[in-house]
Amino acid sequence: MSPLLDVNDLRMTFRGGVRAVDGVSFSVRQGETLGLVGESGCGKSTTGRMIVRLLEPSGGQVTFDGRDITHVSRRRLLPLRGDLQMVFQDPFTSLNPRRTAAQIISGPRRLLDRDGTIALLERVGLGAEHADRYPHEFSGGQAQRIGIARALASRPKLVICDEPVSALDVSIQAQIVNLLRKLQEEEGLAYVFIAHDLSVVAHMCDRVAVMYLGRIVEIGDRKTVYADPAHPYTRALVSAVPLPDPDLEQDRERIVLLGDPPNPASPPAGCTFNPRCAKAQNICRQEAPVLRLVRGRQAACHFPD
Amino acid sequence: MTALLQVTDLRVTFAAGTAVDGVSFTAHQGRTLGIVGESGSGKSVSSLAVMGLHRNAIVEGSIVFDGEELVGASPSRLRALRGSRMSMIFQDPLSSLHPYYTVGEQIAEGYRLHAKASRRAARERAVEMLADVGIPSPRARVADYPHQFSGGMRQRVMIAMALVCEPDLLIADEPTTALDVTIQAQILELIKKIQEERGVAVIMITHDLGVVARVADEVMVMYGGAPVEHAPARQVFKTPGHPYTRGLLDSIPRHDLGGGGPLQAIPGSPPSLLTPPQGCRFHPRCPIYARASAEICATERPAFIAGLACHYPGAAT
Ligand SMILES: Nc1ncnc2c1ncn2[C@@H]1O[C@H](COP(=O)(O)OP(=O)(O)OP(=O)(O)O)[C@@H](O)[C@H]1O
Ligand SMILES: Nc1ncnc2c1ncn2[C@@H]1O[C@H](COP(=O)(O)OP(=O)(O)OP(=O)(O)O)[C@@H](O)[C@H]1O
Ligand SMILES: [Mg+2]
Ligand SMILES: [Mg+2]
């Protein structure tokens, strides 16, 4: 079976030469979740926005449900809109301030009637009393859940979730994660799940892709990647996750990355991670490593752990 | 320990209902108070009240900052305090940044007002601040507009804006939600350093209990517009006194314990603002009430005594 989403060598260069996304490839099958993690500014949201075509890629290809949608016009994209949804990272700015929650969720095409809208509000832990309020009357986590409800209203096949639970307390976060998983089981929904919280990603995802400076540096089965990271960047990420236990937190050994994240407008030569990598050798400063199979997952490193 | 901010029995009421109903806490110089709790429980609304930023709400109770009552203070007085002695990192970075000014101008503006610095010095300071919050190539990016920054980068601009005016009280509302763990660690270190150097009182609002475990001296847990528990951080994690706190701790996803499988959530839904439950606001979702079906939980709102608002103290641990 061909995948629901196929992303091939995707690229985005912004004005000023910022190579925000620099050759990203992955695919997502129906009913599957791919986690996308990595440092702030590494290009996760840009990748997501290109997939739903809020941005037109500067290179590469996006194939959704068997159709190449890389450069199709907005009008021809319209029929696909319902199938391909996005939950935005910035909850408030993605909600129209002049529409009520109910209007936002059912959308301009009035996908849902009043009862359907309220039922959906309840599934995300809100209720009828919230239906007629405007965005500024919501808390951060409530606004985020309205964004989630809006994305689910059209019963999509794929949802790009950009930090969908970052503003939620852990109990509501658990409720939303469980809801997303349930919809996946019932309706075969697929997700690209962008999050910086590796613990949430662990619960949501079948596979994870780790990005660094516009590229995927490691991708594979979630369990394999977490239990035994091959790329030194992944290893540092996994070691830095805070644990909700003051004792464990005090005694923990964290791998602290050397130096600053590089500037995407002038990335370092060779492996872009080399200036911050404790293991960097000469070759790392000269030759960019490509993804290759390392112990059951793909990693782009000359000297994988 | 010097109390810098004392909030007593704060109430904030909107047309839609009372969002904050009886919040009291103290922030001390050089210490960090962590505030956690349900989404919609009134954390941001309480903070905005301290900052004097509510327009369409009735604020009651008392907010004393360094000996001065802020409830009922004039808008110009509050504005003066905000620019110099207290600052807040807002939860919502993009809508708190101005789209038509560069990030550098927005950071420099606060510094110019606070330190009466020249334009040039303020711009230099903005570059330094961007570097401090981990923005690569700060000198080049100081002239960028907010939309050219990623979500986490905007959040760090907000942090720089809040820190540049060297406040005595810093309220950080979810300052690190959009940040990956490495940058998060860097930001927490930065706040800690400034706190140690200048004895800043920090109020850290966050859903990330790992962050709380790392930085907070004491923790206040909120539910339905009021605190349900307030205790030293270690105690909250090790021996939570309130069943809501217990439920929260049980909901945390832990990658170090395996991962996968459904997460545990507290059953039921958050309380309504319009028609909050009678008695203890948590009782419809409370396992103790479900087990013992103690009538008092459904009829009487528990008083907040010795850091706990529960009719059955100790039953949750
Ligand atoms: N419209 C734009 N114009 C110029 N540069 C941009 C634009 N949008 C994003 N960028 C740059 O592209 C890079 C990647 O941004 P992106 O938003 O994809 O990061 P991200 O991985 O989602 O980060 P975060 O975790 O902070 O949200 C950043 O350096 C950002 O400054
Ligand atoms: N301007 C407003 N008008 C009416 N209701 C409001 C307004 N602002 C907030 N509320 C309501 O007040 C309650 C408390 O909101 P607040 O923003 O303080 O929550 P919070 O604890 O910060 O939650 P989160 O963790 O989701 O940010 C919520 O139920 C919210 O819907
Ligand atoms: Mg992003
Ligand atoms: Mg809030």
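The values are calculated or read from the model by the stated rules, or taken from the named source; none is laboratory data. Everything numeric here is computed off the predicted structure, so don't read it as measured data. For neighbour counting, all protein chains shown are included, and Cβ atoms are generated from backbone atoms with ideal geometry for every residue, glycine included. When the accessible area is computed, the model is the full protein with side chains, heavy atoms only, and any ligands, DNA or RNA have been set aside. Shrake-Rupley method; radii C 1.70, N 1.55, O 1.52, S 1.80 Å.
Tabulated data
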read-out: Helical contribution to [θ] at 222 nm, DSSP H n ≥ 4, -39,500 (n - 2.57), averaged over chain B, rounded to 500; value: -10500 deg cm²/dmol
read-out: Neighbour-limited loop hits for GluC sites (Glu not before Pro), the stretch B:1-102 (at most 12 other Cβ within 10 Å; DSSP other than H, G, I, E, B); value: none
read-out: Within chain A, helix-based [θ] at 222 nm, where runs of 4 or more DSSP H residues each add -39,500 (n - 2.57), nearest 500; value: -8500 deg cm²/dmol
read-out: Exposure ranking of A:Y212, A:Y226 by accessible area [1.4 Å probe, largest first]; value: A:Y226, A:Y212
read-out: The stretch A:3-35 and the stretch B:59-116: distance between their alpha carbon centers, rounded to Å; value: 40 Å
read-out: Gain upon complete extension [A:D247, A:A128; 0.36 nm per residue less C-alpha separation]; value: 38.6 nm
read-out: At least 20 Å along the helix axis (C-alpha) and Kyte average at least -0.5, DSSP helices within chain A; value: A:170-187
read-out: Estimated FRET transfer efficiency (A:Q281, A:S25; beta-carbon r; R0 25 Å; 0.05); value: 0.40
read-out: Two-site label geometry, B:R198 and A:A119: point separation in nm, points 7 Å out along Cα→Cβ; value: 5.4 nm
read-out: Label-point gap, in nm, between A:D221 and B:A3 - each point 7 angstrom along Cα→Cβ; value: 5.8 nm
read-out: Stokes-Einstein translational diffusion, the stretch B:53-206 - Kirkwood Rh over all Cα pairs, 1.002 mPa s, 20 °C, in µm²/s; value: 133 µm²/s
read-out: Amide H contacts under 5 Å for A:L36, placed H, 5+ residues apart; value: A:F193, A:I194, A:A195, A:A209
read-out: Ratio Rg/Rh [Cα only; Rh per Kirkwood] for the stretch A:143-295; value: 1.01
read-out: Cross-link pairs A:K44/A:K223; B:K116/B:K192; B:K192/B:K238; A:K44/B:K116 - those with Cα-Cα distance over 28 Å; value: A:K44/B:K116
read-out: With DNA, RNA and ligands ignored, accessible area of B:C165 (1.4 Å probe; Å², nearest 10); value: 10 Å²
read-out: Projected area, mean over directions - chain B, Cα convex hull, nm²; value: 17.3 nm²
read-out: Solvent-accessible surface (1.4 angstrom probe) belonging to A:H71, in square angstrom, nearest 10; value: 110 Å²
read-out: Candidates A:T33, A:T93, A:T46: whichever shows maximal mean-square fluctuation once chain A is modelled as a Gaussian network with Cα springs under 10 Å; value: A:T93
read-out: Equivalent ellipsoid semi-axes, chain A, via Cα gyration tensor eigenvalues times 5, rooted, Å; value: 34, 23, 17
read-out: Trypsin sites (Lys or Arg not before Pro) restricted to DSSP loop in the stretch B:59-131 with at most 10 other C-beta within 10 Å; value: B:K116
read-out: Paramagnetic reach from B:R120 in the stretch B:134-150 [backbone N under 20 Å; point 7 Å along Cα→Cβ]; value: B:139-140, B:142-143
read-out: For the stretch B:175-227, convex hull volume per residue from C-alpha positions, Å³; value: 86 Å³
read-out: Filtered trypsin sites (Lys or Arg not before Pro), the stretch A:39-148: DSSP coil and at most 12 other beta carbons within 10 Å; value: A:R98, A:R109, A:R110
read-out: Sorted largest first, extent of the stretch A:232-305 alpha carbons per principal axis (Å); value: 43, 31, 20
read-out: Virtual spin-label span in nm between B:A80 and B:T239, 7 Å along Cα→Cβ; value: 4.8 nm
read-out: Distance cut-off 21 Å, percentage of C-alpha pairs in the stretch B:92-164 lying past it; value: 13 percent
read-out: Whole-number D in µm² s⁻¹ for the protein assembly as shown, Kirkwood Cα-pair radius fed into Stokes-Einstein, 37 °C, 0.692 mPa s; value: 131 µm²/s
read-out: Accessible area of B:K238 in the full protein assembly, 1.4 Å probe (Å², nearest 10); value: 90 Å²
